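Only one structure is covered here, and it is reproduced in the block below.
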Amino acid sequence: MALSLLAVCAAAQSKSYNLARWIEIHSAVLKELNRSYVDSLPVDRMERAGLDAMLAKLDPYTVYIPQEENEDLQMMISKTYGGIGALIYKTGKDADLFINEPYAGSPAARNGLQCGDRILEIDGMSVYGLDSKGCSDRMKGKPGTELSLKVKKVRSDEVKDIRIVRERIRIPDVEYYGMLDDTTGYLVLGGFTDGVASEIRSAVQKLKSENGMKRFVLDLRGNGGGLMNEAVDLVSIFVPKGSLVVSSKGNEAGENREYRTVKEPVDLTIPVIVLVDSGSASASEIVSGALQDLDRATIMGGRTYGKGLVQNIRPLPYGGQMKVTVAKYYTPSGRCVQAIDYAHRNEDGSVGNIPDSLRHEFRTAHGRIVKDGGGVTPDVELEFKDYSRLTYSVVLGGIVEQYVMDYVSRHESIPDVDDFHFTEYEDFIEFARTKDFDYRSSAMTYFDQMKKELRKDGIDNTMSEELDALEKAMNMDKEKVLRLKRDEIVPFIEEEIAVRYYFQQAGIRIRIRYDEQLKKALESPMVNL
């Protein structure tokens, strides 16, 4: 016993000694640089870079947040900020500033701002010379303060002075809920901020009592997580009170805890489907992992992100804060979903291939085998739609967004969402063909790379005729490529247009129309739980 105690004390002393040694070295280096370096010392820049590099050696989630970035932290944690509630669009410092999308019920919407309205001045200052972030920072501010905008209306070209009182804007986590058919309820969840579980509980109760819901689909695809207690409260809707949802284990005794449901369930028998993908992380994995381990839901889609780490916010001097990983969490079966190697992932952020020898088996409540080491593996895997390179180019490159803003400026209204279908694709082609974007196919990009490699090897001249013939066969002009990918691109245009007239929930209703993975989930047999 004495030897064990001695070993513990020695380890603690060694840890303290190492820390003190490096603090002393760091201080000495800074003092020496400050005294003898030939140029003025950029201390702030050096120290921030040093802190970021140091924390990056730990994990991707332990980060330093200086005082000036606290507002961004608040936005990340609670999805709230002080402002008018609108997305803006500006391509550069010398470009026009447009209202892209006001939020439903926001001060911007109530004051008549709409997609395509051009903002000329913010509080008497011209927007020219400011980038998009600079404009956004000026429009944000303390709730209750007034913002003055000079606006040129999108269709009338009338210039108006508009005064708007800023409010605390909250971006909702429950992005949509409703009935997919006579018996199936559906809810899209974008995050886990404070109070969201109560919203979901109310939505489930309403779908049951008012719409006769007999089956429930919880869509966690792309949900990056949030507060652990909200995940626990969400699970409590479907499992008995007192059920273990998640446990955490860390270095400090206070981080070794079990989290059990403390509320009465809404329904213990209704079939539940949870949709997940490689973007479902953290609290999303707590929910899907717990419902899977408790054999209470069928998890469908793709393997989740693999983030089984718990972070806390700790205060630092001069108003700074540190988001620090303090524990790992474990699902009811005892597995940790943290990716074994979270530093190396696939291009889409998903967990790479994990050898079975590194994974461990666990058992669900009814004895089904589940494994740790890299996210939650769904009970039913569903194929994802694989979009072409062109579609990514026109959507992520802003071509669709630019077209939609032009479309809105020319159309005062559109039919109701369920009746709206975009039929003016030739108009989009005419718009897009004048824009600069990479319209090469994936095959063409590989071909271009192959030619570079052949040139490096000095053998491109020996097969120039063959290469020219193949390039000619593969090359397509911009309009031809756009027509070829019509069925892929139209849903994105349709969704973006609907959002501009009827806000975000309308966009999700359009998305449901084309969601093949959701349709396959509804057709798939439930796992025998």
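The values are calculated or read from the model by the stated rules, or taken from the named source; none is laboratory data. All values derive from a computational prediction rather than experimental measurement. When we count neighbours, we look across all protein chains shown, and the Cβ atoms used for this are built from the backbone with ideal geometry, even at glycine. In case anyone asks, the SASA skips ligands and DNA or RNA and just uses the protein heavy atoms, side chains included. Shrake-Rupley method; radii C 1.70, N 1.55, O 1.52, S 1.80 Å.
Side notes on the structure shown:
- Of all residues in segment 505-519 being open to solvent by 20 Å² or more (accessible area, probe 1.4 Å) and in contact (Cβ under 8 Å) with a residue 24 or more places away in the chain, the one that is nearest to ASP487 (Cα to Cα): GLU516
- Failed item, numbered, when PRO102 is tested on (1) more than 25 Å from the chain's Cα centre (by Cα); (2) open to solvent by less than 30 Å² (accessible area, probe 1.4 Å): (1)
- Within segment 49-69, the residues that satisfy the criterion of being open to solvent by less than 50 Å² (accessible area, probe 1.4 Å) and in contact with a Ser or Thr (Cβ under 8 Å, 6 or more places away or on another chain) are LEU55, ASP59, TYR61, THR62.
- GLY141 vs. criteria touching a Ser or Thr at 6+ places or on another chain (Cβ under 9 Å), modelled with pLDDT under 95, over 23 Å from PHE192 (Cα atoms) and not in a helix (DSSP H, G or I): no
- Residue list for segment 44-100, filter: out of contact with any strand residue (DSSP E or B) (no Cβ under 8 Å at 6 or more places or on another chain) and either aliphatic (A, V, I, L, M) or closer than 18 Å to ILE171 by Cα (or both): MET46, ALA49, ALA53, MET54, ALA56, MET76, ALA95
- Within segment 314-330, restricting attention to residues that are in a strand (DSSP E or B) and among the hydrophobic types (A, V, I, L, M, F, W, C), the residue that is least open to solvent (accessible area, probe 1.4 Å) is ALA327.
- Residue within segment 186-194 that is modelled with pLDDT of 95 or more, surrounded by fewer than 19 Cβ atoms within 10 Å (Cβ to Cβ) and among the β-branched types (Val, Ile, Thr) present: no
- Of the residues making up segment 241-300, those that are among the β-branched types (Val, Ile, Thr), more than 19 Å from the chain's Cα centre (by Cα) and within 21 Å of LYS519 (Cα to Cα) number 5.
- Note on segment 271-315: residues that are more than 30 Å from LEU58 (Cα to Cα) and hydroxyl-bearing (Ser, Thr, Tyr) total 1.
- Number of residues in segment 365-396 that are assigned to a loop (DSSP other than H, G, I, E, B) and surrounded by 16 or more Cβ atoms within 10 Å (Cβ to Cβ) equals 10.
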